[in-house]
């Protein structure tokens, strides 16, 4: 009896066939190898960014670094053709750097492929490219299609751009609450421009959307909850928090705004 019970729960040999896991193991190995090449290429490209402001655009001393970056990104694609990061960085290399063998058409094609494959950085770059640099685009719909895709993945640059669109009413209905929400989310991811925009709008009298203050509603008094009122948020303190985010990101405007707030606080204390 016990023998028959144990026989039923013993897995068949085919269930534990190691070959079932071979494709997954191979995919992981290819992705790991591709990421190693991307890291090497990214490191070379960062070194170019570090010194390019002190060199000519086509400075020959930058060529070895650019070639190394290009080769590593291409090797990453050979190792894993589905890697969107390799496509994105190789596209940037063709579009924005004077690398030997540079081709704008190849860069554009790679950028579109990476964006369509779901890379948020590529979606944001492509949206900006279509909106600003492509004179043949008659409508902003194509650009905003990719910008919104990047926003869905909480890309800070895309969130900031969408906030600016809502703030100015460019191509959409002007909506201050939506603009503040976009700036807030982008600033939480360290975007200095969004933090400055959010803080400065609060100091100009903009009302914090209720959706951003619901988290503090639980800390409100019983009377406020009974009246179904929103929590009281000090706009100056909220703005200060955003300026501190910008300052941590190295933005000079963040330091300037913090200095202004401190100066105003001292003046009020003296009065």
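The values are calculated or read from the model by the stated rules, or taken from the named source; none is laboratory data. Every value quoted in this text rests on a predicted model; they were computed, and no experiment measured them. We place every Cβ from the backbone using ideal geometry, glycine too, and count neighbours over all the protein chains shown.
If you go through region 248-260, how many residues are in contact with a helix residue (DSSP H, G or I) (Cβ under 6 Å, 6 or more places away or on another chain) and within 23 Å of residue 207 (Cα to Cα)? Result for region 248-260: 4.
Going by the structure shown, is residue 200 in contact (Cβ under 8 Å) with a residue 40 or more places away in the chain, farther than 30 Å from residue 77 by Cα, over 13 Å from the mean Cα position of the chain (by Cα) and surrounded by fewer than 21 Cβ atoms within 10 Å (Cβ to Cβ)?
Numbers: in contact (Cβ under 8 Å) with a residue 40 or more places away in the chain: yes; farther than 30 Å from residue 77 by Cα: yes; over 13 Å from the mean Cα position of the chain (by Cα): yes; surrounded by fewer than 21 Cβ atoms within 10 Å (Cβ to Cβ): yes.
Yes.
Considering 50, 87, the condition of being surrounded by fewer than 13 Cβ atoms within 10 Å (Cβ to Cβ) and either assigned to a helix (DSSP H, G or I) or modelled with pLDDT of 90 or more (or both) is satisfied by 50 alone.
Being assigned to a helix (DSSP H, G or I), surrounded by 14 or more Cβ atoms within 10 Å (Cβ to Cβ) and at pLDDT 90 or above, is that true of even one residue in region 261-268? Give the steps one after another, and end with the answer.
The first filter runs over region 261-268 and keeps only residues assigned to a helix (DSSP H, G or I), leaving 261-268.
Then keep just the ones that are surrounded by 14 or more Cβ atoms within 10 Å (Cβ to Cβ); that gives 261.
Among the residues that remain, those that are also at pLDDT 90 or above are: 261.
Taking every residue of region 261-268 in turn, at least one turns out to be assigned to a helix (DSSP H, G or I), surrounded by 14 or more Cβ atoms within 10 Å (Cβ to Cβ) and at pLDDT 90 or above.
When the residues of region 44-56 are filtered to those that are free of Cβ contacts under 8 Å to residues at least 24 places away in the same chain and under 22 Å from the mean Cα position of the chain (by Cα), the one that is farthest from residue 71 (Cα to Cα) is 50. Residue count for region 101-113, restricted to those that are closer than 21 Å to residue 44 by Cα and in contact with a helix residue (DSSP H, G or I) (Cβ under 6 Å, 6 or more places away or on another chain): 6. The residues in region 94-128 that are buried (at least 22 other Cβ atoms within 10 Å of the Cβ) and farther than 19 Å from residue 49 by Cβ can be counted, and the count is 8.
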